[in-house]
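Quick note: the coordinates plus some simple rules give every number you see, no bench work behind them. Model, not experiment: these values are computed from the prediction. Positions of Cβ are backbone-derived with ideal geometry, glycine not excepted, and every protein chain shown enters the neighbour counts.
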Amino acid sequence: MVKSGLSEDATVSQYRLAVHLGTALVIFSLLVWTGLDLFYRPSRRPRGHTMGSLLLIAITILAGALVAGMDAGLLYNEYPLMGNGLLPIEYGDAGYLDAFENPASAQFHHRWIAALTFAAVIALGIRAWRGGHTILGGAVIGAVTVQFLLGIATLLHGVPVTLGGMHQAGAVILLGATLVLAHAQHRAANGGQAGS
């Protein structure tokens, strides 16, 4: 992947980018979880709404990798519409691989999966806040709000490198904050201290 990125055409396949990023995020998540296990004590794996939120964050990030790999953020630099409607006119043009090969479709999917993720993580943060994890609940709410707004700003400005980099970093921060909350919730469920 590094070799392909250092050639005259500095682009990388969206598939390679998604696999590389996905692998990095799995390693990051395992390191965060293991570090929390060592610092506090082992916690059960997340379930229910918490696990669903983590999966949505991961899917949103991978959908963003497809967008980045196809430079799909350079299309439809408006929000929430894509041209004259919510659905781009090119949607479905690439057949059964449309979600992976069509830049307009990739951007459409990333947008709406991100909106679903935003709603799920806000609900998770509110529930955590009410359940006594005020600091961690607030951190997750703040992280997902900043990340969602950064995504819109990045799109509206035509994906400048600075905003694009901040949006990518924000995804990792959001994932990390949600992992810390998940660990604390399930540690507390085991009868320990909440740690929030």
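Worth pointing out:
- Identity of the residue in the stretch 94-115, in contact (Cβ under 8 Å) with a residue 40 or more places away in the chain and in contact with a Ser or Thr (Cβ under 8 Å, 6 or more places away or on another chain), that ends up surrounded by the fewest Cβ atoms within 10 Å (Cβ to Cβ): Ile113
- As a summary of the residue check, Val140 satisfies the conditions (1) under 18 Å from the mean Cα position of the chain (by Cα); (2) surrounded by fewer than 20 Cβ atoms within 10 Å (Cβ to Cβ); (3) within 19 Å of Ile59 (Cα to Cα) except for the one numbered (2).
- Being farther than 22 Å from Val140 by Cβ and surrounded by fewer than 18 Cβ atoms within 10 Å (Cβ to Cβ) holds for only one residue in Asp37, Asp71, and it is Asp71.
Yes or no, residue by residue, for (1) in a helix (DSSP H, G or I); (2) out of contact with any His (no Cβ under 8 Å at 6 or more places or on another chain); (3) farther than 22 Å from Ala115 by Cα:
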site: Tyr15; (1), (2), (3): yes, yes, yes
site: Ala18; (1), (2), (3): yes, yes, no
site: Leu21; (1), (2), (3): yes, yes, no
site: Trp33; (1), (2), (3): yes, no, yes
site: Arg41; (1), (2), (3): no, yes, yes
site: Leu56; (1), (2), (3): yes, yes, no
site: Ile61; (1), (2), (3): yes, yes, no
site: Val67; (1), (2), (3): yes, no, no
site: Asp93; (1), (2), (3): no, yes, yes
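- In the stretch 121-149, the residues that are outside any helix (DSSP H, G or I) reach residues that are crowded, with 16+ Cβ neighbours inside 10 Å with C-beta atoms within less than 7 angstrom, at least six apart or across chains, in these pairs: Gly132/Ala194; Gly132/Ser196; His133/Leu181; His133/Ala184; His133/Gln185; His133/Ala194; His133/Ser196.
- The residues listed here are Tyr91, Tyr79; of these, the one that is aromatic (Phe, Trp, Tyr), loosely packed, with under 15 Cβ neighbours inside 10 Å and under 24 Å from Ala153 (Cα atoms) is Tyr79.
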